[in-house]
Structure formats: C-alpha cells, structure tokens
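Undergrad: Okay, here's the structure, questions in a sec.
The values are calculated or read from the model by the stated rules, or taken from the named source; none is laboratory data. Quantities reported herein were computed from a predicted structural model and do not represent experimental measurements. Please note: Cβ atoms are built from the backbone with ideal geometry, for glycine as well, and neighbour counts cover all protein chains shown. Areas reflect the complete protein model, heavy atoms only, side chains present, ligands, DNA and RNA absent. Shrake-Rupley method; radii C 1.70, N 1.55, O 1.52, S 1.80 Å.
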Amino acid sequence: MKRGRLIAIEGSSASGKSSLIEALLADPLFDLKPLKRVTTRERRPKDPKEDQDYRFIAMAEFRQLAADSAFIEYRNYLFGMSYGILKSDVEAIVSTGHNALALTNLTMGNEIKRVMPDAITIFIWSDPTAVEARLRARGQNTEEQITERVENARKAVEGDHSGHDLVVENRQGHLEDTIQEIDSFIRAELGNDTE
C-alpha cells in the first residue's frame with residue numbers, strides 16, 4: 001500500500017488558516033484526514049468536550065512528550081501555551097494510505113522537512129496590520145497575547161522560508177484566490193496520487 005503524505009499548513013494567527021483548512025478538507029480528491037494539535041492552552045467556553053482540532057493536556061505531559069521527541073514539531077509560546085503535532089498521529093494516518101493535514105506552528109517548515117522530507121509544507125501569511133485587526137475583532141485574546149501574535153506574524157513574514165514548498169499571501173478580501181492557489185499547488189504536488 002502506498003503511503004500517504006503530510007500536508008502542513010503554517011501561518012500566523014488570523015492569517016486565514018482555518019478557512020483554508022476547511023476548504024481543503026471538503027475536497028474529496030485529496031483524501032485528507034485532519035490531525036489534532038496537542039496544546040496546553042486552557043479550554044475556552046465554546047470548545048466542545050471532544051474537540052476536533054485540539055487535544056488538551058497538562059504542561060508536564062507536554063514537556064515529557066517533547067523530551068521523548070514525540071513531536072514532529074512543537075513550540076512553547078509566552079503566557080503558558082504550547083502547541084505541537086505528534087509523530088504517532090501523523091504515522092497513524094499516512095501508514096494507511098491517506099494524506100494527513102496539519103496546522104503547524106510558525107517557522108517550523110525546516111523542522112518538518114527534517115523529520116518527514118516528503119511532507120508538503122505551505123506558509124500562508126497576511127499583513128501584520130490585518131492580523132492585528134482580525135485578532136481584535138475576535139475578542140478572544142488579551143492585549144499581551146495580541147501583541148505577541150502580531151510580532152510573531154511580523155517575524156514569520158520576514159523569516160526563512162527555505163523549508164516551505166509554497167509561500168502565499170492571503171490578502172484581505174481575497175481568500176478564495178488564496179484557496180485556489182493552494183488547491184492547485186497541492187494537486188500538482190500529489191500528482192498521480194489523486195488520479
């Protein structure tokens with residue numbers, strides 16, 4: 001049986017990643033199975049008990065997983081929030097021939113390629129001013145968290161993208177164009193796998 005591939009989507013907060021992922025998952029041609037992110041952030045009131053996007057764990061457990069090299073990538077952010085993707089979760093999907101779709105942390109393209117060279121890595125970005133406006137409109141973050149996320153967005157745009165197969169801007173009001181560009185790129189990368 002042919003192994004599936006990991007498609008890793010990376011981008012700053014409020015860059016449009018969630019909308020993009022929804023569109024990709026809706027395309028049956030890609031045979032995508034979503035990966036949960038492991039996180040230490042606290043559950044929000046609106047988080048469902050069985051969350052489809054996150055697996056909530058304690059910081060001690062997260063640190064142990066990191067020490068055991070259990071993550072394909074992970075990052076510790078300020079204010080006690082850490083996020084990562086488990087290698088075992090990726091393997092459980094790609095070993096059955098399906099493609100895995102992951103939302104990953106910023107600036108992790110090179111790390112993902114080191115651990116899984118055949119992964120398709122995509123960086124989606126938006127102007128930091130637009131990111132700040134979207135975060136404020138959501139009303140889910142403290143002022144300190146907004147400041148950190150906007151600064152992370154700035155650094156990510158200016159950073160090293162040699163580990164990304166595609167870098168694309170999600171311009172305000174052009175989400176559909178961004179989705180189409182990424183969709184076409186993935187189709188080309190998967191090639192005969194989707195026929």
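Undergrad: Using a Debye calculation, one point per C-alpha and no hydration shell, please list log10 I(q)/I(0) for segment 9-117 at q = 0.17 Å⁻¹ in order.
TA: These q points yield log10 I(q)/I(0) values of -0.88.
Undergrad: Please give the residues of segment 92-122, grouped as numeric ranges, whose backbone N is less than 18 Å from a label point set 7 Å along the Cα-to-Cβ vector of Val167.
TA: 104-114, 120-122
Undergrad: Kindly report, to the nearest 10 Å², the accessible surface of Ile7 as traced by a 1.4 Å probe over protein heavy atoms only.
TA: 0 Å²
Undergrad: Ignoring ligands and nucleic acids, what accessible area does Ser18 show with a 1.4 Å probe (Å², nearest 10)?
TA: So the heavy atoms of Ser18 present about 80 Å² to solvent.
Undergrad: Using the beta-carbon distance between Phe185 and Asp127 and R0 = 22 Å, what value does 1/(1 + (r/R0)^6) give for FRET efficiency, to the nearest 0.05? Please report the intermediate quantities before stating the final value.
TA: Values: r = 21 Å, r/R0 = 0.97.
Plugging the Cβ-Cβ distance into 1/(1 + (r/R0)^6) gives 0.55.
Undergrad: Something else about it: Hydropathy first: keep DSSP H helices in the chain averaging at least -0.5 on Kyte-Doolittle, then drop any whose Cα extent along the axis falls short of 20 Å, and list what survives.
TA: Numbers: long enough: 143-158 (23 Å, -1.35); 175-190 (22 Å, -0.08).
Sorted by number, the helices that extend far enough and score high enough are 175-190.
Undergrad: Please give the contour-minus-distance gain from Gln145 to Glu158: 0.36 nm per residue of separation, less the Cα-Cα distance, rounded to one decimal in nm. List each step's numbers first, then the result.
TA: Working: separation 13, 0.36 × 13 = 4.68 nm, distance 2.00 nm.
Full extension from Gln145 to Glu158 adds 2.7 nm.
Undergrad: To continue, here is another question. Once you sort the root eigenvalues of the Cα gyration tensor of segment 92-159 as a ≥ b ≥ c, which label holds: rounded (a/c under 1.5), prolate (a/b larger than b/c) or oblate (the other case)?
TA: Details: a/c = 3.01, a/b = 2.05, b/c = 1.47.
In terms of gyration-tensor shape, prolate.
Undergrad: Compute the distance in nm between two label points, each set 7 Å from the Cα along the Cα-to-Cβ direction, one at Ser95 and one at Phe79.
TA: It is 3.8 nm.
Undergrad: Note down the nm distance, to one decimal, between modelled labels 7 Å out along Cα→Cβ at Arg63 and at Ser88.
TA: The answer from the label model is 2.0 nm.
Undergrad: Roughly how much of His161 is accessible, in Å² to the nearest 10, using a 1.4 Å probe?
TA: Rounded to the nearest 10, the figure is 40 Å².
Undergrad: Continuing with this model, one more query. Measure out, as a whole number of angstrom, how far apart the alpha-carbon centroids of segment 137-156 and segment 23-63 sit.
TA: Distance between centres, Cα-based: 20 Å.
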